[in-house]
Amino acid sequence: AVRNLNDALMSVSIFQLIKNLSRITDASADIAKAYLNFRPTFPKIYAIDGEELIAKLVYNKDQPTRLGDILASTGIIVNVVAIKKGEEWILEPPLDTILGKGEELVVKGSNYALKKFAEIIDTKLPEPGKTDSTAIGDFFELIRIVSVMFFLSLSALLMNADWLAENVLELEGLVDDLHAEIENKLIKEGLNNKTKTSLLFATFALERISDSLTEIALTILDDLEPHPILLEIFEETKERISVIEIDETDDGKTIEELGYHLKGVSVLAIKRGDTWLIMPPYSVFKLKAGDILIVKYFEESETFVEKEETREDREEIIEEIWEEEEEE
């Protein structure tokens, strides 16, 4: 039970988050069902999340090896989402999992990190497939946009930032336009019926995800203050969102030169003074001391992030941003 009106209003942000994440889970399940029910013919495109890739790799070494030892030997951080042993899939496998020859892994990380990981297990990162279908190309672009919306909406909630929330609403408009484009192209293109049907089902599901993310963003635009417990929630998930402040030693570096992508850390946005910059280019954008980076990272990257910015300092930075946003 809440003790006063202010607590009740802050609790709304938690309710909206839980309600809409539940809807997103249902829509994601529908995408999986669309594939399983219709078995579409898609090229093997694994780059679906901005700077990050997802790939299926095969462990080809003769010597069985502990997963934790492989990760420690690379000097980089990737997220091993699942391992297939025989007919069984192990989700979020523990570091003491022993890998045997021929076993499959689903791995997520930067392009460089995945290539390095693939070399260690004696395999190669597969090249993405190509397609002549503009509808399929638009579908994967739709996935990318919704993925960006997901992390921006959570960032808006974490930072209590109207501007980030407004960007989510702008992207929602792009999703609507792209959905209509995909439908029109599917009518004209010569794809087989199963592929067309699965694309339609998945596209509708992605729009539902987009709508739920927009509702999360509207929590901020409706001046509903986020509950402080969200700080703890976003610090305890498998993929986490937090902040890092740039100091003098990194002044003038590009995001790429920071090397965060090798450690499982992605930069979603940068706060420079009163200005917000969304997903700036890694190779050319020059950082300044005092810039605040909104980052997402794997659970495995927590030690690295802690060295860059302690949890206590991260919480203090976020609370200062909350105060600034409330004053505006």
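The number of residues in region 182-203 being part of a helix (DSSP H, G or I), surrounded by fewer than 16 Cβ atoms within 10 Å (Cβ to Cβ) and touching a residue at least 24 places away in the same chain (Cβ under 8 Å) comes to 1.
For region 53-89, a residue qualifies if it is among the basic types (K, R) and under 18 Å from K263 (Cβ atoms), but none of them does.
Screening K85 against (1) surrounded by 17 or more Cβ atoms within 10 Å (Cβ to Cβ); (2) of a type outside the set (A, V, I, L, M); (3) touching an Asp or Glu at 6+ places or on another chain (Cβ under 7 Å) leaves a single unmet condition, (1). Restrict the check to region 40-55 and report whether at least one residue is surrounded by 15 or more Cβ atoms within 10 Å (Cβ to Cβ), modelled with pLDDT of 85 or more and within 19 Å of the chain's Cα centre (by Cα). Yes, because at least one residue in region 40-55 is surrounded by 15 or more Cβ atoms within 10 Å (Cβ to Cβ), modelled with pLDDT of 85 or more and within 19 Å of the chain's Cα centre (by Cα). Look at region 17-39: where a residue is outside the structural domain of L158 (by TED's automatic domain parsing) and part of a helix (DSSP H, G or I), no partner that is aromatic (F, W, Y) and surrounded by 13 or more Cβ atoms within 10 Å (Cβ to Cβ) sits 6+ places away or on another chain with Cβ atoms under 9 Å.
Taken over region 298-328, the criterion of being outside any helix (DSSP H, G or I), touching a residue at least 40 places away in the same chain (Cβ under 8 Å) and within 29 Å of P94 (Cα to Cα) is satisfied by F298, E309. Annotation note: Cβ proximity below 7 Å between a residue of region 241-257 that is over 27 Å from F150 (Cβ atoms) and a residue that is surrounded by fewer than 15 Cβ atoms within 10 Å (Cβ to Cβ) (sequence gap 6+ or interchain) occurs for D247/A289; E248/A289; D251/K288; D251/A289; G252/K286.
Only one entry in I98, I120 is out of contact with any Cys (no Cβ under 6 Å at 6 or more places or on another chain), exposed (fewer than 15 other Cβ atoms within 10 Å of the Cβ), over 27 Å from L199 (Cβ atoms) and among the β-branched types (V, I, T), namely I98.
Taken together, the residues in region 258-297 that are assigned to a strand (DSSP E or B) and charged (D, E, K, R) amount to 4. On the basis of being at pLDDT 85 or above, surrounded by 13 or more Cβ atoms within 10 Å (Cβ to Cβ), more than 18 Å from the chain's Cα centre (by Cα) and at positive phi, does G273 make the cut? No.
The values are calculated or read from the model by the stated rules, or taken from the named source; none is laboratory data. In this text, all values refer to a predicted model and were calculated from it rather than measured experimentally. Note that we place each Cβ from the backbone using ideal geometry, even for glycine, and neighbour counts take in every protein chain shown.
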